[in-house]
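**Q** Mind having a look at this structure? Questions to follow.
The values are calculated or read from the model by the stated rules, or taken from the named source; none is laboratory data. Remember, predicted model here, so these are calculated numbers, not experimental data. Positions of Cβ are backbone-derived with ideal geometry, glycine not excepted, and every protein chain shown enters the neighbour counts.
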Amino acid sequence: MTRRRTVPRVRKPLATALGVALSVPLLAAAPAAAASQGAAPAQVTVTALRFTVTVGGRTCAVDADLYRPAGVDKAHPAPAVLTTNGFGGSKSDGTTDATGRAFATRGYVALAYSGLGFGKSGCLISLDDPGIDGRAASRLVDFLAGTRAADDGTRIDYVTKDHPGDPRVGMIGGSYGGAIQMATAAVDHRVDALVPLITWNDLTYALDPNNAADRTVPGAFKWQWTNGFYLIGESQPVTLPNLDPSRWGSLGCVHFVPGVCDTIGLLNSGSYPAAATAAMQRYARSVSPTGYLDRIKAPTLLVQGQTDTLFNLNEATTTYNALKDNGTTTKMIWQSWGHSGGQAPGELNMTQGNLETSYTGRRILAWFDHYLRKQKNADTGPALAYYRDWQSGYGEAAKVPPLSQQVYLSGDGRLVGDRAKVARGSRTYTNWLVPTSHSESPLAGTIGLPDPAPYDTAGTCLGWDTDPLKAPVDVVGAAKATLKVSSPATEKVQNSGDAADKLVLFAKLYDVAPDGTKTLVRRLIAPVRVPDVTKPFTVALPGIAHRYEAGHRIEFVVAASDDSYVGNKGIKPVTVVSAPGDTGTLQLPVVRGKVN
């Protein structure tokens, strides 16, 4: 049965619950011209709809709500916005429903729907696969175009069209609702603008990250984040009884497509045999934007969170670079909040209704004004903007800052600016059979437990630090380290045919205050599975936007383990040797100040 209700046009704030990324703060579209001129509030009619789709070899229903602003009709059409939920949510959760309302109260025709496998939508969870989830979303674009009816026969003819059958439509959403935008745009070029928030580029990097240059080598399994999501998905037949039969998989893989369960099974096994690992990587990348970015033509405003240990800034930067290389219009904002929290005062917070008064909100308004309302004078802003927690407002840049300053790893534990000052020496650490370092516990907040401050256990890590800084130093972007280590125990087994026998280490940057207090910047670390311990290797650290104040020291640390990841198999002592002519380096993207 069709459900219709009318709501007053109010600026209702959007939900900002972050939890385990089940829902994320979503942003509203630009206000209609009349609204921005202070016209009387309009009304919005909400209609529940159902669409039957056949994708991935299954036929299932998609549950959706259509939000129609008063005054929008065939003679007065409006652009459309399509949105869907984060992982574990639905069209009815606070975020997705509020997003639909926010767009409609600002004059857009909005269609919010439950993603496949969530809410009352059918089919299995397929991780925003373009051939499945993307195709399903494309069927909804058909509805917005007026070329397809909902299951009850409802058709619409009041969405602005660029051509017959081609509606002017944008997409917005966060996390799982961010990747679906790129999956949809890859298979349907009628999508005109994207705003993906805090989402992934490559699931092999997000869930099993290896920050070494050789990405064919698997990484360190991010077991807490990954298994948390897996359990959410698999538990749905229990938590949501009487599910559509199309949402039931096999006995051993209840609610996901088989490729997901195969991936989770391999990651949890603690083993990486070559053939199975290659198959896992092929599958994960096929359902990740990295596998199809060359097909995306829609202008894309990427919004990524600095406080995000699930999908860090490197994910958005990789997507940004690929889209730019392919000639797709793209810009990027590094806001403060992400899956790991980080909401900052004065930053975009829709629960406070500050869309028009926050930097990121104004940028999104302009993006949709420009590409959906075709207001060519709407300024879409600089290529990159980044939140600065050391001063009010955002920094802006014409490009992602390059690596600009290099320091050397001295044998006495210092970071020095001149190779000639490197002291000759060697230092050793070793791992234990249990983790001895801690960066974060993403599951702690879910069950109401505090997350301890980051720490490293003596003897299981090595650190190098600068002299106290003479003036503030602003680091914006991803640092890079070049290392060479010695590990005879690893060398004996690293070519066993199981990549799990290779050495694992964890690199990170601390901010050390004059009193010795250490802060792990945004709790971010770079897991590395070393391709070959007999050769130098590079490590890409997670991107940051951080000021090291005068008197503070920059410390680079390599640790043997981290309790949020599956690490070394067996005891593998590691020695780092330094000499003036042969030592490791750390390169930093410094935009202000001098390290040494």
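**Q** Go through region 181-199 and give me each residue that's closer than 24 Å to Arg139 by Cα, among the hydrophobic types (A, V, I, L, M, F, W, C) and either in contact with a strand residue (DSSP E or B) (Cβ under 8 Å, 6 or more places away or on another chain) or outside the structural domain of Leu116 (by TED's automatic domain parsing) (or both). Walk me through it before giving the result.
**A** Just the residues of region 181-199 that are closer than 24 Å to Arg139 by Cα, to begin with: 181-197, 199.
Subsequent filtering for residues that are among the hydrophobic types (A, V, I, L, M, F, W, C) retains 182-183, 185-187, 191, 193-195, 197.
Answer for region 181-199, where residues must be closer than 24 Å to Arg139 by Cα, among the hydrophobic types (A, V, I, L, M, F, W, C) and either in contact with a strand residue (DSSP E or B) (Cβ under 8 Å, 6 or more places away or on another chain) or outside the structural domain of Leu116 (by TED's automatic domain parsing) (or both): Met182, Ala185, Val191, Ala193, Leu194, Val195, Leu197.
**Q** Can you tell me which residues in region 361-392 are in contact with a His (Cβ under 8 Å, 6 or more places away or on another chain) and without any contact (Cβ under 8 Å) to a residue 12 or more places away in the chain?
**A** Of everything in region 361-392, just one residue is in contact with a His (Cβ under 8 Å, 6 or more places away or on another chain) and without any contact (Cβ under 8 Å) to a residue 12 or more places away in the chain, namely Lys376.
**Q** For region 313-330, indicate whether the set of residues that are closer than 22 Å to Ala479 by Cα, touching a Pro at 6+ places or on another chain (Cβ under 8 Å) and not in a helix (DSSP H, G or I) is non-empty.
**A** No, the conditions are met nowhere in region 313-330.
**Q** Considering (1) of a type outside the set (D, E, K, R); (2) surrounded by 23 or more Cβ atoms within 10 Å (Cβ to Cβ); (3) more than 29 Å from the chain's Cα centre (by Cα); (4) on the phi > 0 side of the Ramachandran plot, say which one Gly117 fails and leave the rest.
**A** (3)
**Q** For Thr328, which of the numbered conditions (1) over 30 Å from Arg285 (Cβ atoms); (2) in the same structural domain as Lys161 (by TED's automatic domain parsing); (3) not aliphatic (A, V, I, L, M) fails to hold?
**A** So Thr328 meets the others, but not (1).
**Q** Going through Thr154, Thr184 one at a time, which residue ends up being hydroxyl-bearing (Ser, Thr, Tyr), part of a loop (DSSP other than H, G, I, E, B) and modelled with pLDDT of 95 or more?
**A** Thr154
**Q** Please work out which residue is farthest from Gln335 (Cα to Cα), limiting yourself to region 158-181 and to residues that are modelled with pLDDT of 95 or more and of a type in the set (Gly, Ala, Ser).
**A** Gly165
**Q** Could you list all residues from region 467-508 that are more than 13 Å from Val533 (Cα to Cα), without any contact (Cβ under 8 Å) to a residue 40 or more places away in the chain and among the charged types (D, E, K, R)?
**A** none
**Q** Given Asp412, Asp389, which one is of a type outside the set (Ser, Thr, Tyr) and either in the same structural domain as Trp334 (by TED's automatic domain parsing) or at pLDDT below 95 (or both)?
**A** Exactly one residue qualifies, and that residue is Asp389.
**Q** Among the helices (runs of 4 or more DSSP H) confined wholly to region 200-275, which include 1 or more residues that are more than 22 Å from Ala179 (Cα to Cα)?
**A** Helices (runs of 4 or more DSSP H) meeting the threshold: 236-239, 258-269.
**Q** Still on this structure, I have one more. Please go through region 66-99 and pick out each residue that is under 22 Å from the mean Cα position of the chain (by Cα) and of a type in the set (Gly, Ala, Ser). If you could, list the steps in order and put the result at the bottom.
**A** First pass over region 66-99, keeping only residues under 22 Å from the mean Cα position of the chain (by Cα): 81-91, 93-99.
Residues satisfying the conditions are Gly86, Gly88, Gly89, Ser90, Gly94, Ala98.
**Q** Restricting to region 204-214, and then to whatever is of a type in the set (A, V, I, L, M, F, W, C) and over 12 Å from the mean Cα position of the chain (by Cα), can you tell me which residue is surrounded by the most Cβ atoms within 10 Å (Cβ to Cβ)?
**A** The residue in question is Ala212.
**Q** State which residue is modelled with the lowest pLDDT when the search covers only region 344-378 and only residues that are within 24 Å of Val476 (Cα to Cα) and in a loop (DSSP other than H, G, I, E, B).
**A** Taking the candidates together, the pick is Asn349.
**Q** Out of region 215-254, which residues are touching a His at 6+ places or on another chain (Cβ under 7 Å) and surrounded by 17 or more Cβ atoms within 10 Å (Cβ to Cβ)?
**A** Passing the criteria: Gly233, Glu234, Gln236, Arg247, Gly249.
**Q** Shifting gears a bit: May I ask you to list the residues in region 293-309 that are of a type in the set (A, V, I, L, M) and either surrounded by 24 or more Cβ atoms within 10 Å (Cβ to Cβ) or modelled with pLDDT under 95 (or both)?
**A** Answer for region 293-309, where residues must be of a type in the set (A, V, I, L, M) and either surrounded by 24 or more Cβ atoms within 10 Å (Cβ to Cβ) or modelled with pLDDT under 95 (or both): Ile296, Ala298, Leu301, Leu302, Val303.
**Q** Of all residues being in contact with a helix residue (DSSP H, G or I) (Cβ under 6 Å, 6 or more places away or on another chain) and either among the basic types (Lys, Arg) or surrounded by fewer than 24 Cβ atoms within 10 Å (Cβ to Cβ) (or both) in region 168-203, which is farthest from Val539 (Cα to Cα)? Just the residue, please.
**A** Arg190
The rows are residues; the columns are (1) farther than 28 Å from Asp129 by Cα; (2) assigned by TED's automatic domain parsing to the domain that holds Ile156; (3) in contact with a helix residue (DSSP H, G or I) (Cβ under 7 Å, 6 or more places away or on another chain); (4) aromatic (Phe, Trp, Tyr).
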| position | (1), (2), (3), (4) |
| --- | --- |
| Leu49 | no, yes, no, no |
| Thr54 | no, yes, no, no |
| Arg58 | no, yes, yes, no |
| Asp63 | no, yes, no, no |
| Val72 | yes, yes, no, no |
| Pro79 | no, yes, no, no |
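**Q** Quick check on region 475-493. Is at least one of its residues outside the structural domain of Gly338 (by TED's automatic domain parsing), touching a helix residue (DSSP H, G or I) at 6+ places or on another chain (Cβ under 9 Å), over 27 Å from Ala278 (Cα atoms) and not in a loop (DSSP other than H, G, I, E, B)?
**A** Yes, region 475-493 has at least one match.
**Q** Just a yes or no: is a residue in region 494-505 in a strand (DSSP E or B) and crowded, with 20+ Cβ neighbours inside 10 Å?
**A** The answer is yes; a qualifying residue exists.
**Q** May I pose another question? Which residue is nearest to Val53 (Cα to Cα), if the candidates are limited to region 138-161 and must be without any contact (Cβ under 8 Å) to a residue 60 or more places away in the chain and loosely packed, with under 13 Cβ neighbours inside 10 Å?
**A** For region 138-161, the residue satisfying everything is Gly153.
**Q** Could you tell me whether region 85-96 includes any residue that is buried (at least 24 other Cβ atoms within 10 Å of the Cβ), outside the structural domain of Val254 (by TED's automatic domain parsing), over 12 Å from Gly177 (Cβ atoms) and polar (S, T, N, Q)?
**A** Among the residues of region 85-96, not one is buried (at least 24 other Cβ atoms within 10 Å of the Cβ), outside the structural domain of Val254 (by TED's automatic domain parsing), over 12 Å from Gly177 (Cβ atoms) and polar (S, T, N, Q), which makes the answer no.
**Q** While we're looking at this one, here's another question. Tell me, please, whether a residue that is over 22 Å from Asp389 (Cα atoms) and touching a residue at least 24 places away in the same chain (Cβ under 8 Å) can be found in region 446-453.
**A** Yes, region 446-453 has at least one match.
**Q** Hey, another quick one. Within region 382-442, which strands (runs of 3 or more DSSP E) (wholly inside it) include 1 or more residues that are within 30 Å of Asp563 (Cβ to Cβ)?
**A** Counting at least 1 such residues, we get 384-387, 405-409, 425-429.
**Q** Search region 288-312 for residues being hydroxyl-bearing (Ser, Thr, Tyr) and assigned to a loop (DSSP other than H, G, I, E, B), and hand back the single one that is nearest to Leu520 (Cα to Cα). Outline the logic, then answer.
**A** Here is the first cut: in region 288-312, the residues hydroxyl-bearing (Ser, Thr, Tyr) are 288, 290, 292, 300, 307, 309.
Applying the additional criterion that residues be assigned to a loop (DSSP other than H, G, I, E, B) yields 288, 292, 309.
Details: Ser288: 29, Tyr292: 34, Thr309: 12 Å.
By that ranking, first place goes to Thr309.
**Q** Of the residues Thr59, Thr47, Thr6, only one is assigned to a strand (DSSP E or B), modelled with pLDDT under 50 and either surrounded by 17 or more Cβ atoms within 10 Å (Cβ to Cβ) or of a type in the set (Ser, Thr, Tyr) (or both); which?
**A** Thr6
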